[in-house]
Amino acid sequence: MDRKIYHGSSHIVRPPKFGTGNQYNDFGLGFYCSEYPQYAAEWAVGRDRNGFVSSYSINCDGLRIINLCGPQYVPLHWLSLLMSFREFDMFSATARGAREYINKYFSVDYQGSDCIIGYRADNRCFMFAQDFLDGRLSYGSLKKALSEDSANRQFVLKSNRAFDRIAFTGYETADSSEFFQSKISRELRSIRGASAPAAAGDFYIHDLLRDEVSPYDPRL
């Protein structure tokens, strides 16, 4: 099955090369894309800088794809993988206990995967994750902030085999006057939503630690 994916950047990328990039990105070294061209355009631009959206086709037949947004995973699986590559503040005892608990019960075996689909930890979502670890944001608020907006999702090529399957199909210019403002508006809506009071029955990281909630708990 062929899949259309898009990469937003300050320059055109054709084709991407395996082994390049930043090893400290959300899921480590890889090529980060969106399945939506308008969101790739938002990632590409700066306040006063236009960008480019490079488009590709990738044949996914036989590839091992981990979909952290799928029903078999919960946000804590995503957070476990994120903590493997991104640096969080672990000054509080709550955050340190959360890291130990999440890594014990929600670790993801990503070794050998060809692609990973997961939430994008931009500044806003990274802040939500940090607040959750510190006990300031409820689980329900974190889950809503991550899952309600498809702009948060990224498709990441991880293996040489995946890079062999990708073909460059063209590019478009992304205008900052259009896409930077849409990105800011989206982020502000998400921040306002996460700032709302926790819903009845919602819980925080200390509740999960106390009960040692497992990945199959229906509350998650």
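The values are calculated or read from the model by the stated rules, or taken from the named source; none is laboratory data. What you see is a predicted model, and the numbers here were worked out from it, not measured in a lab. Here the Cβ is made from the backbone with ideal geometry for all residues, glycine too, and neighbour counts use every protein chain on show.
So here's what we get for this one:
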read-out: Filtered residues of region 36-81 (kept if within 25 Å of SER113 (Cα to Cα) and assigned to a helix (DSSP H, G or I)); value: PRO37, TYR39, ALA40, TRP43, PRO75, LEU76, HIS77, TRP78, LEU79, SER80, LEU81
read-out: Matching residues, region 1-13, being loosely packed, with under 14 Cβ neighbours inside 10 Å and not in a strand (DSSP E or B); value: MET1, SER10, HIS11
read-out: Residue tally, condition crowded, with 20+ Cβ neighbours inside 10 Å, in contact with an Asp or Glu (Cβ under 7 Å, 6 or more places away or on another chain) and either modelled with pLDDT under 90 or part of a helix (DSSP H, G or I) (or both), over region 126-139; value: 1
read-out: Extreme residue, farthest from LEU142 (Cα to Cα), among residues of region 177-220 that are part of a helix (DSSP H, G or I) and in contact with a Gly (Cβ under 6 Å, 6 or more places away or on another chain); value: LEU209
read-out: Residues satisfying the stated conditions in region 109-125, i.e. buried (at least 20 other Cβ atoms within 10 Å of the Cβ) and out of contact with any strand residue (DSSP E or B) (no Cβ under 7 Å at 6 or more places or on another chain); value: ALA121
read-out: Boolean, ALA98 is buried (at least 18 other Cβ atoms within 10 Å of the Cβ), over 30 Å from ASP2 (Cβ atoms) and more than 15 Å from the chain's Cα centre (by Cα); value: yes
read-out: Qualifying residue in region 86-95 (condition: touching a helix residue (DSSP H, G or I) at 6+ places or on another chain (Cβ under 7 Å), in contact (Cβ under 8 Å) with a residue 24 or more places away in the chain and over 22 Å from GLN23 (Cβ atoms)); value: yes
read-out: Neighbours by Cβ (under 9 Å, 6+ apart or cross-chain): first from region 124-141, touching a residue at least 40 places away in the same chain (Cβ under 8 Å) and at positive phi; second outside any helix (DSSP H, G or I) and crowded, with 18+ Cβ neighbours inside 10 Å; value: GLY135/TYR204
read-out: Subset of region 1-52 [among the charged types (D, E, K, R) and within 23 Å of ASP164 (Cα to Cα)]; value: ASP2, ARG3, LYS4, ARG14, LYS17, ASP26, GLU35
read-out: Odd one out for GLY112, checked against (1) in a helix (DSSP H, G or I); (2) farther than 20 Å from GLU87 by Cβ; value: (1)
read-out: Where GLY170 falls short, out of the listed (1) at pLDDT below 90; (2) at positive phi; value: (1)
read-out: Any pair with Cβ under 8 angstrom, 6 or more apart, that starts in region 150-172 at a residue that is among the hydroxyl-bearing types (Ser, Thr, Tyr) and ends at one that is in a helix (DSSP H, G or I) and surrounded by 21 or more Cβ atoms within 10 Å (Cβ to Cβ); value: SER150/TYR39
read-out: Looking only at region 26-35, and only at residues there that are touching a strand residue (DSSP E or B) at 6+ places or on another chain (Cβ under 8 Å) and surrounded by 17 or more Cβ atoms within 10 Å (Cβ to Cβ), the one that is nearest to ILE184 (Cα to Cα); value: SER34
read-out: Among (1) surrounded by fewer than 21 Cβ atoms within 10 Å (Cβ to Cβ); (2) in contact with a Cys (Cβ under 9 Å, 6 or more places away or on another chain); (3) part of a helix (DSSP H, G or I); (4) not polar (S, T, N, Q) - the single one ALA145 does not satisfy; value: (1)
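Results for (1) surrounded by 14 or more Cβ atoms within 10 Å (Cβ to Cβ); (2) acidic (Asp, Glu); (3) under 14 Å from the mean Cα position of the chain (by Cα), shown as yes or no for each residue.
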position	(1), (2), (3)
GLN23	no, no, no
VAL45	yes, no, no
ILE58	yes, no, no
GLY70	no, no, yes
HIS77	yes, no, yes
THR94	yes, no, no
